[in-house]
Amino acid sequence: MTKKQRVLTALRREVPDKVPVCPLIHARYAHKITGRSDWRAVFEVHQRLGSTAFRGPQGVGFRVDWPQGYGEESSPVEEAPDGRKSMTHTIITPKGRLSAREVWGMIPHDPLVGKTVEPFVKGAEDWAIFKCHLEAWLEHATPDLSMITQAWETMGEEGVATSGMGGVYHQLAAARGMEGMLTDLYDCPQVLEGVFEVQQEVVRRYIEAFLASPAEVLYYDICYATGSRMGPKHFEKWVGRELGLACEQVHQVPGKFIGFYTLGRIRELLPIMVDAGPDHIETFEQNEGDITLAEAKRLYGDRICLTGNFDPIVLAYGTREQAEEEARRCLREGMEGGGYVMTTGDEVPVDAKWDNLRAMVEVVEEEGVYA
């Protein structure tokens, strides 16, 4: 089988010839190895490593011809004496302006680490402006499939050019900040209901563009919801419905797959996620999670493909022997019966040792073979 065939076979909960091994290499680690941070750099690192590119900085985009009175602006990058860089992004609408500020460059050896220090939505009163912005986007945005098409053509059978996007809750929480979002859910749910409705339509348009692209897999990021320690009752109300709608839309087109990207304590939320009907769920992280890969396999392995959960801390601080044993543990817990893709539980850290990543790949090559 090719690398792509192995992944797609596992997503169908079938048995490939061997376990696909797909460490979550993103921009930060690719930049360390190649000096670049685009999807081509990520793919290049996978090719050097011998692993399969399955996630990365590519996806569908949109062009927006903003009408008069609307728009988006970004300030020039400002650089402080200590090396920190910052930029302000502004949303413009007839109802007002919202600005967000991001900072990066705080860690010299990991310069792409960033943080939003000022979100667009700073209080409940700002949601009306944000909603106005979304409504204009819906009227004037047209899809751009150039990046995902180039990635799909370039990777061929050597990788899976997935299209990534944040879910409804994820995108709104990114605009508000995780803590502020949770506060608004309790203080002004009636305000948020209207915003959720419009953001749901935005998400539907993104999925529609993915379905029109050649990419086979959509990863649907909900880590802002799972990582916020939201309880099952509120998760069901504010996230559960959108998950079902996303899966239903994707599965209308044969040969298309959708998976949920999660972080944190997901044990109580997994029944809701699985019932939504995704093809796979990742990452079952160890250090912040509360369910083992083995238990998830026992409970849900007949309904979803499991994607996880190699400990990225071992890659950074462990020995080669510990990396080998970690790969064997993942195989013991997830491999049986197919429907498993070995990835890291969250992204590969910039401090990851190349030899430890090679150990992960080599163990799977030798011991992840199905008889």
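Looking at this structure, is Gly240 farther than 22 Å from Glu157 by Cβ and either of a type in the set (S, T, N, Q) or touching a Gly at 6+ places or on another chain (Cβ under 6 Å) (or both)? Judged against the criteria, Gly240 is not a match. Taken over the range 240-261, the residue count meeting the criterion of being of a type in the set (A, V, I, L, M, F, W, C) and within 16 Å of the chain's Cα centre (by Cα) is 6. Of the residues examined, Asp65 is one that is loosely packed, with under 14 Cβ neighbours inside 10 Å, touching a residue at least 60 places away in the same chain (Cβ under 8 Å) and not aliphatic (A, V, I, L, M).
Mind checking whether some residue in the range 313-335 is in contact with a strand residue (DSSP E or B) (Cβ under 8 Å, 6 or more places away or on another chain) and at pLDDT below 95? Taking every residue of the range 313-335 in turn, none turns out to be in contact with a strand residue (DSSP E or B) (Cβ under 8 Å, 6 or more places away or on another chain) and at pLDDT below 95. In the set (1) assigned to a loop (DSSP other than H, G, I, E, B); (2) modelled with pLDDT of 95 or more, Glu288 fails one condition alone, (2). Filtering the range 74-92 to residues that are surrounded by 12 or more Cβ atoms within 10 Å (Cβ to Cβ) and under 24 Å from Ile129 (Cβ atoms) leaves Ser75, Ser86, Met87, Thr88, His89, Thr90, Ile91, Ile92.
The selection criterion, being touching a Lys or Arg at 6+ places or on another chain (Cβ under 6 Å), free of Cβ contacts under 8 Å to residues at least 40 places away in the same chain and assigned by TED's automatic domain parsing to the domain that holds Ile25, holds for Ile291. Annotation: of all residues in the range 273-301 being hydroxyl-bearing (Ser, Thr, Tyr) and surrounded by fewer than 23 Cβ atoms within 10 Å (Cβ to Cβ), the one that is nearest to Lys233 (Cα to Cα) is Tyr300. Under the condition of being closer than 16 Å to Gly308 by Cα, of a type outside the set (Lys, Arg) and assigned to a loop (DSSP other than H, G, I, E, B), the residues counted in the range 1-31 number 7. Considering only residues that are touching a residue at least 40 places away in the same chain (Cβ under 8 Å) and of a type in the set (A, V, I, L, M), look in the range 99-124 and name the one that is nearest to Glu72 (Cα to Cα). Among them, the one singled out is Ala100.
The values are calculated or read from the model by the stated rules, or taken from the named source; none is laboratory data. Nothing here was measured: the structure is a model prediction, and the numbers come from that model. Using ideal geometry, Cβ is built from the backbone for each residue, glycine included, and neighbour counts are taken over all protein chains shown.
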